[in-house]
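One structure below.
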């Protein structure tokens, strides 16, 4: 009995799981090897209503709430964590556009997004600053009815595949910090944009890379939120994505545990199942307990968001704890499979895919600072 998942959400989860196991899981290893994002599969996900279902119907969504997005994220991620980045980017960027873009700009993009016909990136990180997210150098200058962008964004998920990106740029002085940062929706086919792709350990289907802006002209009406306030306004959406990330990586941990329990119950050594040895079963039992607790925290965070209640500290807890826990779980599962787990295959790929989530979207150190400020006050925990 889960207090956060009612009958309707349970039915939605089952529906998504059938799709994920039938359509997503079979290409799991191949997408990692080819590094090709399956756009046809993305469109199928859109047709099934699995992309950003929490968005209002007026913007192409279903108005189902953030918990609905969460159970779908779990299902897709359990089959392929890298591919589930499609859902994550859609929910994060979709919320930003729905709340901060002009309706005339937001509506056509969000309709394409929810239909699986467009992929949006979020371009925040720069070479000079990762965790210091407000320390931006990408310049944004007003010239008539356009903004002109010059600079670089790096370590951007789907950098070379996105159709558009929510780009954070400095519209004020460097010393203004976050108060001098604005956000724009930038189509990636504008003149002056070039992109590359990194050779990363994991999440290879979605990929990461840099985006370079050389006198790129973006219409002023593509600004998201108020000028100079985009960072403060838009960053609030990351509380949502941090809870979703927690569910994504924990779904991988849960799938790995299920496979490992089956394996250790069947594989014998010294005339007994491996599970009979406490050195094998007890670590798995401990991790099963922690995974269940962490999942409940993530669901609670989305439950709070659906009700408009504060959830920043809870989201930060999800983001630092779940990726670390999930990595440790899959590591233990891989070891439980012995030399077979060390071969290139599901466990090895999952381990690589999860690792990136300990870095992107806020490191553990930043998340713990957020939690500390929520408890002790910002003045007691300065930047």
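Based on C-alpha pairs under 8 angstrom that are at least 6 apart in sequence, the chain has a relative contact order of 16 percent. Sort region 83-155 into rounded, prolate or oblate with this rule: let a ≥ b ≥ c be the square roots of the eigenvalues of the Cα gyration tensor; rounded if a/c is under 1.5, and if a/c is not under 1.5, prolate when a/b is larger than b/c, oblate otherwise. Verdict is oblate for region 83-155. Can you give the FRET efficiency for residue 15 and residue 232, using 1/(1 + (r/R0)^6), R0 = 41 Å, r = Cβ-Cβ distance, to the nearest 0.05? Once the sixth-power term is evaluated, E becomes 0.65. Counting beta carbons within 10 Å around each of 353, 361, 221 and listing the fewest first gives the order 221, 361, 353. Each peptide in 107-113, 88-94, 68-74, 262-268 was scored by the mean count of other Cβ atoms within 10 Å over its residues; highest first, the order is 68-74, 88-94, 107-113, 262-268. Between residue 359 and residue 199, the simple spin-label model (points 7 angstrom out along Cα→Cβ) gives 1.5 nm. Taking region 67-108 and a reference point 7 angstrom along Cα→Cβ of residue 307, the backbone N atoms nearer than 19 Å belong to 67-71. Distance between the 7 Å Cα→Cβ label points at residue 266 and residue 190: 5.4 nm. Residues 368, 272 in ascending order of nearby Cβ atoms (within 10 Å, fewest first): 272, 368. Angle of helix 364-376 to the longest C-alpha principal axis of the chain, folded into 0 to 90 degrees and rounded to 10: 80°. Stokes-Einstein diffusion for region 50-184 at 10 °C, viscosity 1.306 mPa s, with a Kirkwood radius from C-alpha pairs, works out to 100 µm²/s.
Across the chain, the volume of the C-alpha convex hull divided among the residues equals 138 Å³ per residue. Only helices enter the 222 nm calculation for the chain: every DSSP H run of n ≥ 4 contributes -39,500 (n - 2.57), and dividing by all residues gives -15500 deg cm²/dmol, rounded to 500. Annotation: extensible slack from residue 374 through residue 215 equals 53.2 nm (criterion: 0.36 nm per residue apart, minus Cα-Cα distance). Need one word for region 7-118: rounded, prolate or oblate. Basis is the Cα gyration tensor (sqrt eigenvalues a ≥ b ≥ c); a/c below 1.5 gives rounded, then a/b vs b/c decides. Cα axes put region 7-118 in the oblate bin.
Going from the residue with the fewest nearby Cβ atoms within 10 Å to the one with the most, 287, 4 rank 4, 287.
Note: relative contact order over region 237-294, using C-alpha pairs below 8 Å and six or more positions apart, is 31 percent. Between the Cα long axis of helix 346-355 and the first principal axis of the chain there is an angle of about 40°, rounded to the nearest 10. What does the C-alpha gyration tensor say about the overall shape of region 121-228? Classify as rounded when a/c is under 1.5, otherwise prolate if a/b is larger than b/c, or oblate. Since a/c reaches 1.5 but b/c is at least a/b, the shape of region 121-228 is classed as oblate. As a calculated quantity, the FRET efficiency between residue 146 and residue 258 at R0 = 41 Å, using C-beta atoms, amounts to about 0.20. Straightening the chain between residue 324 and residue 342 buys 4.5 nm, computed as 0.36 nm per residue apart minus the Cα-Cα spacing.
Antiparallel beta bridges, as assigned by DSSP with both residues in the chain, represent about 85 percent of the total such bridges. Taking each residue as 0.36 nm, the span from residue 62 to residue 29 lengthens on full extension beyond its C-alpha to C-alpha distance by 8.7 nm.
Coordinate-derived values only; no laboratory data. Note that the structure is a prediction, hence the values are computed from the model and not measured. Neighbour counts run over all protein chains shown; Cβ positions are idealised from the backbone, glycine included.
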